[in-house]
Each structure stands twice: as structure tokens, then as C-alpha cells.
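This report concerns only the one structure given below.
The values are calculated or read from the model by the stated rules, or taken from the named source; none is laboratory data. Every value quoted in this text rests on a predicted model; they were computed, and no experiment measured them. Cβ: placed from backbone, ideal geometry, glycine included. Neighbour counts: every protein chain shown. The area values use the complete protein model at the heavy-atom level, side chains included, leaving out ligands, DNA and RNA. Shrake-Rupley method; radii C 1.70, N 1.55, O 1.52, S 1.80 Å.
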Amino acid sequence: MTTQVSEPDIADFASESVVIFDIEGAVHYWNPASEALYGWPSLTMVGRGIGHLSTRSENEREHWRMLLQEGTWQGVVSRRTPSGIHIAVDIRQYVRFAQDGTPRDVIEYGRQSLSDGAVPGADWHIPDRLMAASWEIDVSASEALIAQIARLRGEADAEAQLNARHNDLVKAARIINVNERTMRLVGGNRGRDLMIGQPVAGFWPLESRATLGELIVDAMTGKTEDATYRRQLPSDGILRDPLVTVWRAETPGRIYAAVNGAVDDDRSYVYLRASEARYRKLVHHMPIALWQVDASHMGRIYNDIRATGVTDFGAYLDEHPELVELAATTVQITDVNRAAVQLLGGSSALDLMRPVGYLFTVNRSSLRNVMIGRFNGQTSHEEITKIETFDGRVLDVRMSVTYPKVLAELDVTIFSFEDVTDRMSMEAEIRQLQADFTHAARISTLGELTTSIAHEINQPLAAIVTNAETSLRWLSRAEPNLPKVHQLTTRIVDSARHASDIVQRIRGMAARRPPERVELDLNEVVEEALQFVRHELESRSIKLSVKSGRRLPLVLADRVQLQQVIVNLLGNALDAVRNEPKRVITIAAADPDARERVLFTIADSGPGIAPDVLAHLFEPFVTTKPAGKGLGLGLMLSNHIARSFGGELRARNLVPDGAEFVVILPLADVTEAASHVR
Amino acid sequence: MPKTPLVAVVDDDEAIREALCDLLMVTGLECSTFDSAPAFLDNVQNHFDCLITDVRMPGMSGIDLLERMRAGGSDLPVIVLTSVIDSSARARALDLGAQAWLTKPVADDALLDQLKAAIGAEDWPDGPEQ
């Protein structure tokens, strides 16, 4: 592959003024150094005759005829700058000929004449730093406004009003064209096409908009057509001490603006450009989808809102949802990389260079969150959300937003979207597996408690049978005792209800349903869990001591899963004391450090846990029970369940004997408060 | 007129205690209920004609109660009424001279037949006094 480098490309970096004329004398190319030397932007020079630079056009025509005949010329000429000053320039002109011998064009090299006494600026060797950022601006639609401003200028105390009108003028002014430098400085890599036709205000620093408006009015209302109007502006974070020159263009209703000034950066601009190029290349090829966004106008809106004393921006947005819509339709995406185009299935970057709204069609609330982050002055924001591709697929994505630093050079917000659809579905699968596993363990526990459960249900059934038979006996007597039958029937109903409650509880334990986190009274859950094992305890003459003191704060957990943990721990305690002479299980619940968490403790008087087992207690398949009696998954699952509530499970040996398991549960209101903060 | 036989019922389940008592009363027997074995032992000096006891109860089981009674020289007829299916416990109860081992839910006739055998037909009432 061969790379063709055209002359102008090379000349862009030349330190000398390089101008290419066609044989008629019209400027064909005007390099940045020419812009620096003469002050005329390339934009205004290309297509113009050499006479534009000279006040003695008669001499120029004669000179041109001689040049084309002789092929070369060298000497000092006087040239006019936009400010009307004449400078002496050392030039060398060469005619270049086509293959057939006819003149093709003229190339001219020039630098300020030293004989003039002027010393070239220290920045001479870095022409880019001095090149003007130039604009061609259409204000034809603002004639009335300009006239109004001109009238206001005569009035006293109209300053504030004038200031507002000047700003309005810049908002109404449209960009006809800009040069490379303008694009680089304020275009945010938008590309020229995306700047053309836009309001100037969108790209012009806020601080100096009114000044630009003033200069436009000066130029449009000035008596002399050629007059230039200039103002030194304060440094604006983009250029150091910029100098703005505005003059009327040939086309009616249009003006030119040229902004001179060194880039407000300590590094040389050439270096900056090189590093920017490297940065852009890096960004472009990054495997993560990136969006560059200019939300500067929203930043200003936020400042205004903040100034009114608003601190809870979320609440403010709830009252003003239209602000989210404004951001969706006006915050412009200024650049995207290849991965972004791929992620959304676009055909080119241009498909994505639109207002940000399309990124938030599935989840408008994510845009709201992004706005809140910016308002609150965060440096970044991250969340899992959903994004719709151009072909209608909805992807799970991890969105990361990096906000601009306050007072940064350019107001650039970077969005990155990472497709986590696969990861999410994998996580969902793992969650499903864990749920299945937890459910299977519950079923297994119920299986082990069959005897106990059967006994539990049999009790009310036995009462029902006896009461029913007794009723029949009363009824079959010569004089049926109806009040007695009434009483017995009531008891039958009570017992049937009791049996039904037990079945309900077992069904709850056996059901397969997604866990939910609700506010629970721990004492109540313990009471329910105890009913599953009470007969196991009684049949083995195990003494159960329940120490539930005062009313505990509510905890946040899944009722069935919490029961599962308690039943599992009780089952273990039961096995631990089964063959011991002293058989005591103690249950206690407390909130030791009030209003933070609740501890639920199950202690047994068994032999304790061997140290080597204790270290691996919550790992799967760790069991001390005889083969065929438990898989060694109960504690692992109990720990997992406790953690899923935001709590944990701990175990330790007691002195002199026994072991203690502590379930730590988060309080309902604390968790809620914490989730609010997040 | 012979005195009405008095039957003790020991069960930790209130619904069962009440149901049994009502059945005994419709038959014309008198009934005293206790929610645990120790509670019955505290009143063992009372003259009971028969004891109906559950097996699994907190504190002391029905088998332990039977052992304690026999050790103390009591030959009170005892009917074990339980939902536990435990053959060794059953054998132990019968060894200790239990009148019967019945499982819940029990048919009223089966229970009353055993009670009649324990108390004796001569003392068996004709029915409740209206």
C-alpha cells in the first residue's frame, strides 16, 4: 500500500508562510503559517485574488505578468493585515509548470521581513499556536435584533438588557463554516459537518458570548465595509488571552470572526495534537463501546438550579420530568468509537452522533441517574441498565459515566457501555441453581422431619376423630344433648384449622418460589420453625430453653429461608446432644448493639466441633454425621442464605462444652436507610 | 349405687385431653386431666381407676411415667395412647404391665373396650346422668 502525501498536508506543518496561487492569481491554498503571518484565516483567503493583500493592485498585475514569464521572483513586498496595518514580507515565488510547458500554478514562500525591524515571535516555530480559529457566521436572520441593540446602545442603564440581547444574537447566529483550528478547539471532534448550521452559541465559550455579540453588532452596523473590530478577551480555559477580530463578509448578512491566542496549555500545541491523535486512535480501537457527549449546556442549567437552593436533584427531577426529556433531546453525542457502532449494530459512527435520548429508550431512569450524578458533582456514575440496539435487541449493559472535571478545558462527558447480557444470564442461572439447591435442601430437611410432622398433624386429627365420635354418642341418645354437640363441633373446627395451619406451613417450606426480603419478627419465625422440630426434641427428652427477651426490631429476610436456617441449625444441635448425658439446646435472640443488627443464637451442650472441622464448617460436603445421614450442605446453605440477607453465620465452640451458632441479621429499617444512601 | 369410676388422662395436647374427657363423660365415667407426667405424679395418691397416657411429652415420657409408677408399687391399669409407632417402646410398656397400646386416632369402641377391661364390667356405668 502506498501513501500519498499531498503538498498542502506537508505545508500545514511548515513554519514559513506557504501560499499556492492559480495562474490567475487567486489563492488556492493558504497554510496555517500564512494565517499567523498575515492574520487572514485560510477560510477568507482561498479563492481570493492576491490583490486583496495589496493596496497597489496595479503593481500586482504587472508583477504577476512578469512572474509568469520569468518563472521566479524574490523580494520584499508590503501586505495588508485584517487590522489594516501593512507588514513587510520577504517572499520567494516559483512558477510550477505542467508537463506540456504551460504554467500550472505559483507557489510562494514568505516570512516577515527582518529588515522591517520586527522580531519574529518566540512562537514562530510553532505556527499552530498562533493560527487563528476562524468562523464564518450568518446573522441574516437577526436584522431586527441587531437594530434593536443599536437603539438600546443609546439608552441609559440598558447594560443588563444589552448583555442579554448580545447573548441572544450569538444564539441566533448560525455557523456557515469554520477552519480546522476552530474545529479542534471547540468542536469536540464533532467534525465540520456537524458544526455547520448549528448556533454559534453552542460552541462559543459562555464567558465571551456577549462580547462576540457586541462585535457582531459593531461590524454589521459599522459605516465602513472593510473595518475590523477586535477585543481582547479574558482567558477562557481554551485559549490564553484570546483576541477576537470580527469583520463583515462580502455576502450580505454574514460576518467573519478570527480568534487568535495561544492554546491554554503548557505543552506545545503540536505535541498536544500528536498526543490527541494517539489518544483518539487508542479510544477508537478500544474494545469497549465509548460515547463522547457534550452536556455543557445542561451543566449551566444545573448551575442555575443549584443557585436557587435545590439540593435534592432527584426530587427536583420528579417535579420536572421535562428536564430529563430536554437532556434526552438536546445533549449531543460528539464522538463514538468503533466498539460503540458495533454494540448497537449501526452502519457508521454518524448513526450514533445524535442526541443521547436513543441510549435510554428502555430505561429512562438511567438518564435521570446520570443527571443526578452530574448535579451532585460526582466524578463518575455506574449502573447496570438496558440498552436497545438498532435492530431492536435489548442488551443488559454496565453503563459507566465519567463526568468532566469542574472548570475543565472542554465539557466532555464519556459514556461507556459494556454488554453484560451473557454475564447477567449466567448470574441468573447461578441464582436459579442456588435457589434450586436451597429448595432441595428444604425438601430434604422436611424428609428428615417426616416423623415429627406426621405426629404434629396426627394430634389434631386424633382430637377430631374422638370429638366426632363423642358427638355421635350424644346425638344417638334418646334425648340428644345438643349444647354438648355444639361445643364438640366447635372443637372439631378448631382442630381442623390447626391441622390445616400445619399443612400450610409445610407447604410453605416445600414450595419452590423466589425468595423475597420482607420485614419479619424474628421471635415469630423462631416459633414457627420450632414447630417443625418440637416433637424431635420431646421424643429425645432434650431440654429446650428459649430466651427471647423484649420485643426485637424487625429483620429483613425471606420467611421460609430463615425458617430453613433455624430448622437446620436446630437439627444439627439436636444431633449433637442426642447421645449426651446432658441434653440442652438454648435459643436466644438479641440486638446487642441496638438498632444495627439482630443476633440469633443456637447453643447446644454437645461435644463441640473438632478444630479441623471448624475451619471448613461452611464449605460444601463437610459433615461429621455418619454416612447416609446428611450431605454436609446444610451449613453451607445456611451461610449462603444468611449472606443473601446481608447478614452472616458464625460458629464457635463453647467452654466447657458445646457449640454455638450465631445468625446475624440486618435490621429492616437500617437496611432501608443504607439502600437510600446508595 | 356404685361410685363412678375415675380415669386420669395425661397428654401435653389440650385438644386431645378435652376430647378424651368428653368421650369418657358421655360413657358415664369421671375424668381428671394432666398436661404432663410430673403433674400426674404429684396427684398419684388420688384413687384413679385407670390411666390413659401419651408417650412423647416434654419433661417426662409416658414410658418413664409407667416405670416410675411400677417402681413405686402402683398397679394402676394403664392404657398407652400415642401416635408413636415404636415397637421397642411398645414392648417395654407391655412388659411394665400396660393394659393396652393404642395408636391415635383411636376408635372410640376400641378405647372403651380396653377401659371396660381395665375397670371391670361390674363397675362399668350405664351411661351419663342426664
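When the accessible areas of B alone and A alone are added and the area of the pair subtracted, with a 1.4 Å probe, the result is around 2200 Å², both sides summed.
Averaged over the residues of peptide A:470-479, the number of Cβ atoms from other protein chains lying within 10 Å of each residue's Cβ is 4. For residue B:36, the residues whose amide H sits under 5 Å from its own are B:11, ignoring neighbours fewer than 5 places away on the same chain, with H placed 1.01 Å from N.
The calculated FRET efficiency for residue B:46 paired with residue A:428, based on their beta-carbon distance and R0 = 60 Å, is about 0.35. Under 5 Å from the amide H of residue A:17 lie the amide H atoms of A:110, each residue being 5 or more positions distant or on a separate chain, with H modelled from the backbone and absent for Pro and chain starts. Per residue, the convex hull spanned by the Cα atoms of segment A:544-625 amounts to 129 cubic angstrom. In the context of the full set of protein chains, chain A has a per residue accessible area of 50 Å² (1.4 Å probe). Averaged over the residues of A:531-541, the number of partner chain Cβ atoms lying within 10 Å of the residue Cβ comes to 3. A simple rule links phi to the HN-Hα coupling: the Karplus curve 6.51 cos²θ - 1.76 cosθ + 1.60 with θ = phi - 60°, which for segment A:449-461 gives 9, 3, 4, 4, 5, 4, 4, 4, 7, 5, 4, x, 5 Hz, with x for Gly and Pro. Summarising the label geometry, the points placed 7 Å from Cα in the beta-carbon direction at residue A:350 and residue B:39 lie 9.1 nm from one another. By the Cβ distance rule of under 4.7 Å, the protein assembly as shown has these cysteines without a partner: B:50. Ranked by the mean number of other Cβ atoms within 10 Å per residue, highest first, peptides B:105-115, A:607-617 order as B:105-115, A:607-617. Computed over protein heavy atoms with a 1.4 Å probe, the accessible surface of chain B works out to 45 Å² per residue. FRET efficiency for residue A:486 and residue A:389, Cβ-Cβ distance as r, R0 = 60 Å, nearest 0.05? Calculated transfer efficiency: 0.25.
Computed on segment A:438-532, with alpha-carbon pairs under 8 angstrom and 6+ residues apart, the relative contact order is 38 percent. Scanning residues 5 or more positions from residue A:633 or on other chains, those with amide H under 5 Å from its amide H are A:621, with H placed 1.01 Å from N in the peptide plane. Our compactness index for the protein assembly as shown, the C-alpha radius of gyration over the empirical 2.2 N^0.38 Å, is 1.71. Averaged over residues, the count of other Cβ atoms within 10 Å places the peptides A:222-228, A:199-205, A:44-50, A:82-88 in the sequence A:199-205, A:44-50, A:82-88, A:222-228, highest first. The Stokes-Einstein estimate for segment B:6-119, based on a Kirkwood radius over Cα pairs and taken at 10 °C with 1.306 mPa s viscosity, is a diffusion coefficient of 115 µm²/s. Between A:30, A:433, A:541, the Cα set farthest toward the positive side of the dipole of chain A (charges on each charged residue's Cβ, about the Cα centre) is that of A:541.
A crude spin-label estimate for the pair residue B:3 and residue B:107, with each label 7 Å from Cα along the Cβ direction, gives 3.4 nm. Positive-end ranking of A:176, A:316, A:666 along the dipole of chain A, with charges on Cβ about the Cα centre, is headed by A:666.
Label-to-label distance, residue A:92 versus residue B:14, with points set 7 angstrom from Cα along the beta-carbon direction: 11.7 nm. Legend: mean number of C-beta atoms from other chains within 10 angstrom of residue C-beta atoms, peptide A:484-492, equals 2.
The stretch between residue A:501 and residue A:13 holds 166.9 nm of extra length on full extension. This uses 0.36 nm per residue minus the Cα-Cα distance. Scalar couplings 3J(HN,Hα) for segment B:11-25, obtained by applying the Karplus form with A = 6.51, B = -1.76, C = 1.60 to θ = phi - 60°, are 7, 7, 9, 4, 4, 5, 4, 5, 4, 5, 4, 5, 5, 4, 5 Hz; x denotes Gly and Pro. In degrees, nearest 10, range 0 to 90: what is the angle between the Cα axis of helix A:364-375 and the longest Cα principal axis of chain A? Computed tilt is about 70 degrees. For the protein assembly as shown, adding -39500 (n - 2.57) for each run of n ≥ 4 DSSP H residues and dividing by the number of residues yields -13000 deg cm²/dmol at 222 nm.
Phi angles across segment A:335-346 convert, under the Karplus curve 6.51 cos²θ - 1.76 cosθ + 1.60 with θ = phi - 60°, into 3J(HN,Hα) values of 6, 9, 9, 4, 4, 5, 4, 5, 4, 8, x, x Hz, Gly and Pro given as x. Here the protein assembly as shown has 53 percent of its accessible surface on carbon and sulfur atoms, given a 1.4 Å probe and all protein chains in place.
When each of the peptides A:448-456, A:241-249 is scored by how many other beta carbons lie within 10 Å of its residues on average, the order from highest to lowest is A:241-249, A:448-456. Between helix A:296-307 and chain A there is an angle of about 60 degrees, using the helix long axis and the longest principal axis of the Cα atoms. Between residue A:24 and residue A:243, the FRET efficiency estimated from the beta carbon spacing at R0 = 41 angstrom works out to 0.80. Pairs over the 29 Å Cα-Cα cut-off, from the set A:582/B:104; A:484/A:547; A:484/B:116: A:582/B:104; A:484/A:547.
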